[in-house]
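Heads up, the thing below is written out as C-alpha cells.
The values are calculated or read from the model by the stated rules, or taken from the named source; none is laboratory data. Keep in mind it's a predicted model, so treat the numbers as computed, not measured. Methodologically, a virtual Cβ is constructed for each residue, glycine included, from the backbone with ideal geometry; neighbour enumeration extends over all protein chains shown.
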Amino acid sequence: MASTSDGWPQFIKTFDERRERKATEGGGPGQFRADETPPSTTRATDSAWAIAGGTAVFLGSLLPFISFSDPEMGVNPGARVASALFGLIVLGLGFTLRAVQRRFLMGTSLATLCLSALGLRGYAITIATGLAGVTEQDALGDAVKITFSPGIGILLAAAGCAAATVAGIRSAQHCGS
C-alpha cells in the first residue's frame, strides 16, 4: 500500500483533498459551500431556547389564561388563538435559527429578539393591568372595578417569550463571531 511522506496511506490524503475541494466548490447534499457554515453548538443551543419558548407560548394559550373577579367575564377566544399563532411563529423562528444560512442569521436573530420581546411586553402589560384592575360600567351604569389574576397559561406564555428573547440576544451576539 502506498503511503505519503507523513506516514498516512495515500487513499486518506486523497479523501481529505477531495473533501476540502467539495467544501470550497460546493458539493452535493450534506455539503456546505464556502459562504455557509454548518450549525454550531451555539446555534443549536440558541435554536433550542427559541423552540422551547415558542412551545411554551403555544401551550400557554391552551391552558387557563386569566381568572376574573366577575364570574360573567371571560377571555376572548380570539386572544387565545392569536397567542397560539404567535407561539407557532416563535417556534418557526427557532427552527429557522438552526437552518438559516450565515448571511441571514443576523436578520433572523433580530426578528426572534424583537417579536419575543414585544410578546413578553404584551403579556407583562396584561398581567399588570389585571392586577391593578380596570374600571368598567355595569348594566345599571355604575362604575365597577374588575380585576383578574394571571393563570398558568399567561405565565407560561410570558416565560416562553423570555426564553425566546434570550435566544435572540444570544444568537445576535454569536453572529459576529
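Of note:
- Candidate set from segment 145-177 (those that are among the polar types (S, T, N, Q) and within 15 Å of Gly94 (Cα to Cα)); member that is surrounded by the fewest Cβ atoms within 10 Å (Cβ to Cβ): Thr165
- Number of residues in segment 63-82 that are part of a helix (DSSP H, G or I) and more than 18 Å from Ile152 (Cα to Cα): the value is 1.
- If you go through segment 134-144 and keep only what is free of Cβ contacts under 8 Å to residues at least 60 places away in the same chain and touching a strand residue (DSSP E or B) at 6+ places or on another chain (Cβ under 7 Å), you end up with Val134, Thr135, Glu136, Gln137, Asp138, Ala143.
- Positions within segment 97-110 being buried (at least 16 other Cβ atoms within 10 Å of the Cβ) and part of a loop (DSSP other than H, G, I, E, B), in sequence order: Val100
- Count of segment 63-95 residues which are in contact (Cβ under 8 Å) with a residue 24 or more places away in the chain and within 18 Å of the chain's Cα centre (by Cα): 12
- Selection of segment 116-149 for residues being within 17 Å of Ser67 (Cα to Cα) and either assigned to a helix (DSSP H, G or I) or at pLDDT 90 or above (or both) yields Tyr123, Ala124, Ile125, Thr126, Ile127, Ala128, Thr129, Gly130, Leu131, Ala132.
- From the list Thr96, Thr129, the lone residue that is of a type in the set (Ser, Thr, Tyr), in the same structural domain as Ser149 (by TED's automatic domain parsing) and touching a strand residue (DSSP E or B) at 6+ places or on another chain (Cβ under 9 Å) is Thr129.
- Scan of segment 52-64 for residues that are in contact with a helix residue (DSSP H, G or I) (Cβ under 6 Å, 6 or more places away or on another chain) and either modelled with pLDDT under 80 or more than 15 Å from Cys161 (Cα to Cα) (or both), ordered by number: Leu63, Pro64
- Single match in Gly119, Gly94, Gly60 (criterion: surrounded by 15 or more Cβ atoms within 10 Å (Cβ to Cβ), touching a Phe, Trp or Tyr at 6+ places or on another chain (Cβ under 8 Å) and within 16 Å of Leu155 (Cβ to Cβ)): Gly119
- You will find that of Gly26, Gly74, Gly30, the residue that is at pLDDT below 85 and in the same structural domain as Gln101 (by TED's automatic domain parsing) is Gly74 and no other.
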